[in-house]
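Here is the structure we will look at, set down as structure tokens.
The values are calculated or read from the model by the stated rules, or taken from the named source; none is laboratory data. Source: prediction; values computed, not measured. Note: ideal-geometry Cβ built from the backbone for every residue, glycine included; neighbour counts use all protein chains shown.
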Amino acid sequence: MIDDSRTGRSPRAAAVLAAALGLCVLLTGGCAPEAGGVRGTPGAAGLRDPYFPKQGNGGYDVRHYALDLAYDPGTGRLDGTARITARATQDLSAFNLDLAGLTVREARVDGVPAAVNRAGNELTLRPRDELAKGADFTATVVYTGVPEPVTDPDGSAEGWLRTADGAVAVGEPDGSMGWFPGNHHPSDKAAYEIALTVPNGLTALSNGVRVSSAPVSGGRTRTVWRQSEPMASYLATVAIGRYTTSTGTALGSVPVVTAVTATDPALSAATAGLRAELPAILARQRDRFGPYPFGAAGAVVVPDGALGYALETQTRPVFPAGAFDRSTLVHEQAHQWFGNSVTPASWRDIWLNEGFATYAEWLYGEDHEGVPARTRFEEAFADDDAWAFPPAEPPAAANLFAAPVYRRGAMVLHQLRETVGDPVFDRLLRGWTAERRHANATTADFTAYAERIADRDLTALWDVWLYGRDRPPRP
Ligand code: TRP
Ligand code: ZN
């Protein structure tokens, strides 16, 4: 029995209860600690996110993922080894990882085979020896199969998505469990190394810097990507296929890799101009938002039809070819500060991503395209769809990426700006990214921060723009 983390009625919980009642001898036959001395309990099967209660797992904190993935585009088969380095945050008898589909061949903890149980999207590992609170450990999971896309609450497809010539993997908000086992909640960020073995002639892209690429057996090439700064698992990405890549430098020293699918030969030339603008866009955003948070940058233009939206995957956002335009590029790059470095503590805080990235588009338009943010504010204000619900309180998981989160979210920031004035607002934008760099934040963290920097109570503003149900008179 290793699935007691879900029922909460473990034999050990019974023993604890019995001990509390002074009945331990009667019920359990003894109260002596087990050999090894640790009396662990199973880590929770979910982190109780208000929209995705099963996402993530309790009892440990991941430090590093090493994913070694071999993909055969012909059969769609993925062979993976995930080596997860973590620290126990409680005495643990067992712990969960999130994984959808795929077959687990083998699991080890600190090199010793562990018992495995699968139930839904929960994978439970029970190590031979319990893990003491504070202990660092390594969980290795060997898995295989043809990954199935994960369907979002809003009906869109994510996870591992097959294309004509390869695959694209994305994970916001729930797809990463479709291609690697992990602690798939945005609150547990970690460093990554992602190795991709694919047939010679195909390109294999992922997050961060490319550290090596070398031929291996079977006419294949293994390419290793390293994401050293913390990353939420929904921001991990893979693109495999025929791509035209370009390399360069941004911000003095940040290596840039852009790639465009070669499945449509016209796209390389058609996207070259905008891809070349990336360093300038990042420099302008750095001036607005503070230092770029990562050691790599880029963009990947994937075949149309692979996925229905662009995504801000860390250091290397992904764009369906038809969505690769300047404002979307500005939006996804702004997420590197707002979302990827400063990450929502839970999915309820999603407007901290989308409201800020949308406002970044408005600011870019004002600074560089001659369209005042006030004009964009008025357009958004007039949009009935934007008023369906308050941005800080999406009614359900299906609404996380709806107009109120983006447009009302941006309206909150414009109102804040008009209330505190440009100098304070500018300081506030840069200060927020500095204060929460590579960390997580809630809406309450942001409102408290804004009040501290503005040195005034802003309750009335939050009540109307962030939490209010009804559209106020236009200010
Ligand atoms: N976060 C993406 C953006 O840049 C959009 C997005 C992610 C999305 N996942 C989604 C949109 C699921 C619709 C459905 O705005
Ligand atoms: Zn966005």
Worksheet item: Would it be correct to say that residue 361 is surrounded by 24 or more Cβ atoms within 10 Å (Cβ to Cβ) and of a type in the set (Asp, Glu)?
Response: no
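Residues are listed down the side, and each one gets a yes or a no for (1) in contact (Cβ under 8 Å) with a residue 60 or more places away in the chain; (2) of a type in the set (S, T, N, Q):
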{"position": "117", "(1), (2)": "yes, yes"}
{"position": "130", "(1), (2)": "yes, no"}
{"position": "133", "(1), (2)": "no, no"}
{"position": "154", "(1), (2)": "yes, no"}
{"position": "161", "(1), (2)": "yes, no"}
{"position": "174", "(1), (2)": "yes, no"}
{"position": "178", "(1), (2)": "yes, no"}
{"position": "181", "(1), (2)": "yes, no"}
{"position": "192", "(1), (2)": "yes, no"}
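Would you be able to tell me the number of residues in segment 401-428 that are at positive phi and buried (at least 18 other Cβ atoms within 10 Å of the Cβ)?
The qualifying residues number 0.
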Worksheet item: Could you give every pair whose Cβ atoms fall below 6 Å, whose first residue belongs to segment 41-67 and is under 19 Å from residue 443 (Cβ atoms) and touching a residue at least 24 places away in the same chain (Cβ under 8 Å), and whose second residue is of a type in the set (Gly, Ala, Ser) and surrounded by 21 or more Cβ atoms within 10 Å (Cβ to Cβ), counting only separations of at least 6 or pairs across chains?
Response: 47/56
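Hey, could you check segment 405-429 for residues that are part of a helix (DSSP H, G or I) and without any contact (Cβ under 8 Å) to a residue 40 or more places away in the chain and say which is farthest from ligand 1 (Cβ to nearest atom)?
Only one residue tops the list, namely 423.
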Item to complete: Might you check whether a residue that is free of Cβ contacts under 8 Å to residues at least 40 places away in the same chain, more than 14 Å from ligand 2 (Cβ to nearest atom), out of contact with any Gly (no Cβ under 6 Å at 6 or more places or on another chain) and within 22 Å of residue 475 (Cα to Cα) occurs anywhere in segment 351-368?
Response: yes
Worksheet item: Here is a list of conditions, (1) under 24 Å from residue 154 (Cβ atoms); (2) in contact with a Leu (Cβ under 9 Å, 6 or more places away or on another chain), and residue 383 meets all of them except one; can you say which number that is?
Response: (2)
Fill in: Hey, residue 433 at negative phi and touching a strand residue (DSSP E or B) at 6+ places or on another chain (Cβ under 8 Å) or not
yes
Item to complete: Looking only at segment 401-440, count how many residues are within 16 Å of ligand 2 (Cβ to nearest atom) and out of contact with any helix residue (DSSP H, G or I) (no Cβ under 6 Å at 6 or more places or on another chain).
Response: 2
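Provide a single number: the residues in segment 380-400 that are within 16 Å of ligand 2 (Cβ to nearest atom) and of a type in the set (A, V, I, L, M). If you could, list the steps in order and put the result at the bottom.
Taking segment 380-400 as the starting set, the residues that turn out to be within 16 Å of ligand 2 (Cβ to nearest atom) are 380, 386, 391, 394, 399-400.
With the extra rule that they be of a type in the set (A, V, I, L, M), the set shrinks to 380, 386, 400.
Within segment 380-400, residues that are within 16 Å of ligand 2 (Cβ to nearest atom) and of a type in the set (A, V, I, L, M) number 3.
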Worksheet, complete the sentence: Scanning segment 53-72 residue by residue, those of a type in the set (Lys, Arg) and more than 14 Å from residue 124 (Cβ to Cβ) turn out to be 63
Worksheet item: Any idea how many residues of segment 254-285 are touching a Lys or Arg at 6+ places or on another chain (Cβ under 8 Å), surrounded by fewer than 17 Cβ atoms within 10 Å (Cβ to Cβ) and farther than 28 Å from residue 197 by Cα?
Response: 1
Worksheet item: Regarding residue 259, is this residue in contact with a strand residue (DSSP E or B) (Cβ under 7 Å, 6 or more places away or on another chain) and modelled with pLDDT of 95 or more?
Response: yes
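Here's the yes/no breakdown for (1) within 16 Å of ligand 1 (Cβ to nearest atom); (2) small (Gly, Ala, Ser); (3) surrounded by 19 or more Cβ atoms within 10 Å (Cβ to Cβ); (4) free of Cβ contacts under 8 Å to residues at least 60 places away in the same chain:
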{"site": "243", "(1), (2), (3), (4)": "no, no, yes, yes"}
{"site": "252", "(1), (2), (3), (4)": "no, yes, no, yes"}
{"site": "287", "(1), (2), (3), (4)": "no, no, no, yes"}
{"site": "307", "(1), (2), (3), (4)": "yes, no, yes, no"}
{"site": "315", "(1), (2), (3), (4)": "yes, no, yes, no"}
{"site": "327", "(1), (2), (3), (4)": "yes, yes, no, yes"}
{"site": "333", "(1), (2), (3), (4)": "yes, no, yes, yes"}
{"site": "337", "(1), (2), (3), (4)": "yes, no, yes, no"}
{"site": "344", "(1), (2), (3), (4)": "yes, no, yes, no"}
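Just the residues that are in contact with a helix residue (DSSP H, G or I) (Cβ under 9 Å, 6 or more places away or on another chain) and either under 25 Å from residue 151 (Cβ atoms) or within 11 Å of ligand 2 (Cβ to nearest atom) (or both), please, taken from segment 293-304. Full working, then the answer.
Within segment 293-304, the subset in contact with a helix residue (DSSP H, G or I) (Cβ under 9 Å, 6 or more places away or on another chain) is 293, 297-299, 301-304.
Hits for segment 293-304 are 301, 302, 303, 304.
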Worksheet, complete the sentence: The correct count of residues that are in a helix (DSSP H, G or I) and more than 12 Å from ligand 2 (Cβ to nearest atom) in segment 309-339 is 3
Fill in: Failed criterion for residue 475 (all others in (1) touching a residue at least 12 places away in the same chain (Cβ under 8 Å); (2) in contact with an Asp or Glu (Cβ under 8 Å, 6 or more places away or on another chain); (3) buried (at least 16 other Cβ atoms within 10 Å of the Cβ) hold)
(3)
Worksheet item: Just for segment 354-395: of the residues that are of a type outside the set (Phe, Trp, Tyr) and within 13 Å of ligand 1 (Cβ to nearest atom), which one is farthest from residue 339 (Cα to Cα)?
Response: 394
Worksheet item: What are the residues in segment 171-198 that are touching a Ser or Thr at 6+ places or on another chain (Cβ under 6 Å) and not in a loop (DSSP other than H, G, I, E, B), if any?
Response: 176, 182, 191, 194, 196
